[in-house]
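Before any comments, here is the structure.
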């Protein structure tokens, strides 16, 4: 320490500067914190997480795999491997990636996920992380007709995301594409079609057509990559640690969506089969036939009464005849009528006996 510097205070001078204040860290009002691998594994016990989208979503899938324990996830892969589905599990946690570079592919994967849940009654996803749009801008935005078709597809995508939330009661995360490093794009076509300006237009279109509003949470790629644009080596993708930051944002958001209690997040959801999965059209038609027989043929046994006539043909009555006979109006004598009839019969009998005795006397 250089005591000759002008900012140095001696012991006598320092004593006059003493205050009652105490140094401390500023109070944290953010609420976000770093989730370690053990926290992630605990948080996602008995959970199924499905990633649907393009290569950026795949990078996020690899980030979750690294936090879960696979440190090699996200290494070099060939095109055939990176452009395909992938899945892995860590204990009771299931992670799945479904390759869907175009928005229409995302819709197809969502529908197939719903169909497999209804058909095979497998556990539905607890978390769906979907994202895309860059490939649409590169390949499907050449003409005005392409643009119109793309808008209809995006509307359908928004509807399917809402359907996923309702069907599975799952948390749906929409991953907005990160900032494009235009100067790093490796071809003139890409610099023309998917420059940051064009992708920003695409982001606005997705927002106007309701895709972000259909999700439970939005992972805003432009916000957490805006200070790392120069790190994008090919103009589209970022180093692994950037996607790790995105994963941490998702995990903290899940704390809020699930109530913030780590222990409550471990509750295993009892999967109920979808309503339509238990329907059999042939059994439904059979029951409808039974009901019609019971209604129009007056057979409370749904056809068994008529079937019995084939075995008992003599003195057999059809259910319709039994029905009419059972509900026909029959006069019923009252107790007073019965008493008067008995008295009348008795009086007639006495009269008859007295007459016969008189005739014998004569």
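The values are calculated or read from the model by the stated rules, or taken from the named source; none is laboratory data. Quantities reported herein were computed from a predicted structural model and do not represent experimental measurements. Here Cβ is always computed from backbone atoms with ideal geometry, including for glycine, and neighbour counts include all displayed protein chains.
The set of residues from the range 168-198 being surrounded by 16 or more Cβ atoms within 10 Å (Cβ to Cβ) and within 29 Å of the chain's Cα centre (by Cα) comprises 168, 170, 171, 172, 173, 174, 175, 176, 177, 178. Take the conditions (1) in contact with a strand residue (DSSP E or B) (Cβ under 7 Å, 6 or more places away or on another chain); (2) within 15 Å of residue 131 (Cβ to Cβ); residue 165 misses just one of them, which is (2). Contact map, the range 28-39: residues that are at pLDDT 85 or above paired with residues that are in a loop (DSSP other than H, G, I, E, B) and surrounded by 10 or more Cβ atoms within 10 Å (Cβ to Cβ), Cβ distance under 7 Å, separation 6+ or inter-chain. Pairs shown: 37/69. Scanning the range 217-227 for residues that are assigned to a helix (DSSP H, G or I), crowded, with 19+ Cβ neighbours inside 10 Å and either without any contact (Cβ under 8 Å) to a residue 12 or more places away in the chain or in contact with a strand residue (DSSP E or B) (Cβ under 7 Å, 6 or more places away or on another chain) (or both) gives a single hit, 221. Criterion first (out of contact with any strand residue (DSSP E or B) (no Cβ under 9 Å at 6 or more places or on another chain), over 25 Å from residue 156 (Cα atoms) and modelled with pLDDT of 95 or more) does residue 186 satisfy it? No; evaluated as a whole, the condition is false for this residue.
Answer yes or no as to whether residue 214 is closer than 28 Å to residue 111 by Cβ, in contact (Cβ under 8 Å) with a residue 60 or more places away in the chain, buried (at least 17 other Cβ atoms within 10 Å of the Cβ) and under 30 Å from the mean Cα position of the chain (by Cα). Here the answer is no, as residue 214 does not meet what is asked. Would you check if residue 173 is within 14 Å of residue 56 (Cβ to Cβ), in contact with a helix residue (DSSP H, G or I) (Cβ under 9 Å, 6 or more places away or on another chain) and not in a helix (DSSP H, G or I)? The answer is yes for residue 173. Scanning the range 84-95 for residues that are in a strand (DSSP E or B) and touching a helix residue (DSSP H, G or I) at 6+ places or on another chain (Cβ under 8 Å), we see that the one that is surrounded by the most Cβ atoms within 10 Å (Cβ to Cβ) is 95.
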